[in-house]
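Working notes, beginning with the structure itself.
The values are calculated or read from the model by the stated rules, or taken from the named source; none is laboratory data. Worth saying up front: this structure is predicted, and the values here are computed from it rather than measured. With ideal geometry, Cβ positions are generated from the backbone for all residues, glycine too; neighbour counts draw on all protein chains shown. Ligands, DNA and RNA are stripped out before the accessible areas are found, and what is left, the full protein with its side chains, is counted by its heavy atoms. Shrake-Rupley method; radii C 1.70, N 1.55, O 1.52, S 1.80 Å.
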Amino acid sequence: MNKQAQLDGLRVDILAKNICPELAAQATQLVMGDGNLDADIVFIGEAPGKNEDEQGIPFIGAAGKFLNVMLEAAGMVRSDVYITNIVKYRPPNNRDPTPDEKQAFWPYLIKQLEIIQPKVVITLGRHSMEYFLPGLSIGEVHGQPKRIPFGDDHIVIIPLYHPAAALYNGGLRQTLIDDFLTVPAVIATL
Ligand code: URA
């Protein structure tokens with residue numbers, strides 16, 4: 001089965017198992033992910049916002065525009081990477097996803113990574129970082145690659161600040177860009 005068919009199967013499974021029914025009831029749609037299924041880099045955000053919920057594509061609002069700026073700084077475009085979120089329905093009023101919601105979607109995120117098989121996973125913000133790198137603080141480890149066990153092998157996680165944080169704190173813009181610019185060199189060592 002090709003990668004798209006496998007990802008489509010995950011979508012069907014999430015709907016059939018009625019994962020997070022309260023979120024599903026108020027969301028427009030499930031936002032599974034977008035981009036290159038053979039990407040070296042998978043970005044993982046928090047949860048869809050209003051624009052993402054309406055259009056079914058992750059990171060297309062203001063935070064997504066800044067993500068595009070980061071990609072451009074490294075000479076990349078969105079079709080070079082794959083982008084998804086830990087929670088795949090929009091939480092009402094853009095509240096933070098709850099631990100239960102993150103836990104419910106976690107197995108599907110792992111399956112997405114097993115299907116796509118990226119070289120590095122970039123977590124955006126603490127919600128997507130915390131399950132891969134429990135107990136670490138993003139302020140201390142942002143931009144630092146961490147090799148962790150994954151299935152029968154290992155995977156490299158690079159935790160970055162969430163692009164939305166750069167919208168509220170202009171000082172973080174350059175930090176995010178600088179952290180992201182180190183990623184190609186990390187990939188080259190793998
Ligand atoms: N913020 C996220 O974490 N994910 C999106 O898809 C959009 C905004």
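Here are a few things to note about the model shown:
- Under DSSP loop assignment and at most 14 Cβ neighbours within 10 Å, longest trypsin sites (Lys or Arg not before Pro)-free interval of the chain: 96-190
- Over 21 Å [Cα-Cα, the range 43-141], rounded percent: 34
- Computed label-point distance, nm, for sites Gln4 and Asn169 using a 7 Å Cα→Cβ extension: 4.0
- Relative pair counts by distance (%), Cα atoms of the range 66-116, 5 Å bins: 4, 17, 20, 15, 19, 18, 7, 1
- Protein accessible area in the chain, 1.4 Å probe - carbon and sulfur %: 50
- Amide H contacts of Phe43 (H built 1.01 Å from N, in plane; Pro and chain starts excluded): Tyr82, Ile83, Thr84, Ile122 sit under 5 Å, all sequence-distant by 5 or more or on other chains.
- Once the 1.4 Å probe is applied to the protein heavy atoms, the chain comes out at 47 Å² accessible per residue.
- With only the Cα atoms considered, the chain has a convex hull volume of 115 Å³ per residue.
- Given +1 at the Cβ of Lys and Arg, -1 at the Cβ of Asp and Glu and no other charges, the dipole of the range 1-76 around its Cα centre is 80 debye to the nearest 20.
- Using the Cβ-Cβ distance between Thr28 and Asp80 with R0 = 25 Å, the FRET efficiency computed as 1/(1 + (r/R0)^6) comes to roughly 0.35.
- Student exercise, the range 43-190 dipole from Lys, Arg, Asp, Glu Cβ charges, in Debye to nearest 20: 120
- Listed values for the range 167-184 are Karplus-derived 3J(HN,Hα) couplings in whole Hz (6.51 cos²θ - 1.76 cosθ + 1.60, θ = phi - 60°), namely 6, 8, 10, x, x, 7, 4, 5, 4, 5, 5, 4, 4, 5, 5, 7, 5, x, and x replaces Gly and Pro.
- Values of log10 I(q)/I(0), in the order q = 0.19, 0.29 Å⁻¹, for the range 1-53 under a Debye, Cα-only, solvent-free model: -0.80, -1.26
- Kirkwood hydrodynamic radius (C-alpha pairs) into Stokes-Einstein, the range 1-95, 4 °C and 1.567 mPa s, D in µm²/s: 93
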